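See structure below.
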């Protein structure tokens, strides 16, 4: 049965379209990745179809392109907060096909089945092996989402470095001012009172 998706057509006139995808990108093993189920929904296929395509082209997916989650990592991505975030993204992107959502949802997957995750390059390669117009179109926005997050992290790092430099300069000036104060302090003290002359006969 043919599945229909009521989703806005991705084009360059939707500058914020890729921003809606950002909540689906997670940090795993110090790498930004997307879950196979989330990527499949965006590309308009089932999770099974996506993973089968990857399996048929395993030579195109080295570990820095795609890898399987551990049980602990998979459990963290099945948290209520993560599932709520996916539902919000689905609503924003108008992914309304119920059978696809159930097939791709982490909530309905066998907890013993280890999911695949895809890095930025893996997501692009997945679109190539699926060979569908929708996957190719959506991959543009997926990559833009990865790039946007990377640019934000880079900008935040630059700001933090600048703040550290300012803090260091303030500490250096504070130390110099403290030394100057210690040197000036004796000069700021009032002169000692002259000794009083005692009254009476002194032998």
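Since every read-out is calculated from the coordinates, none of them should be taken as a lab result. Given the structure is predicted, the values throughout are model-derived calculations rather than measurements. Please note: Cβ atoms are built from the backbone with ideal geometry, for glycine as well, and neighbour counts cover all protein chains shown.
Can you sort 120, 151 so the residue with the fewest Cβ neighbours within 10 Å comes first?
151, 120
So for 28, 153, fewest C-beta neighbours within 10 Å to most, what's the order?
153, 28
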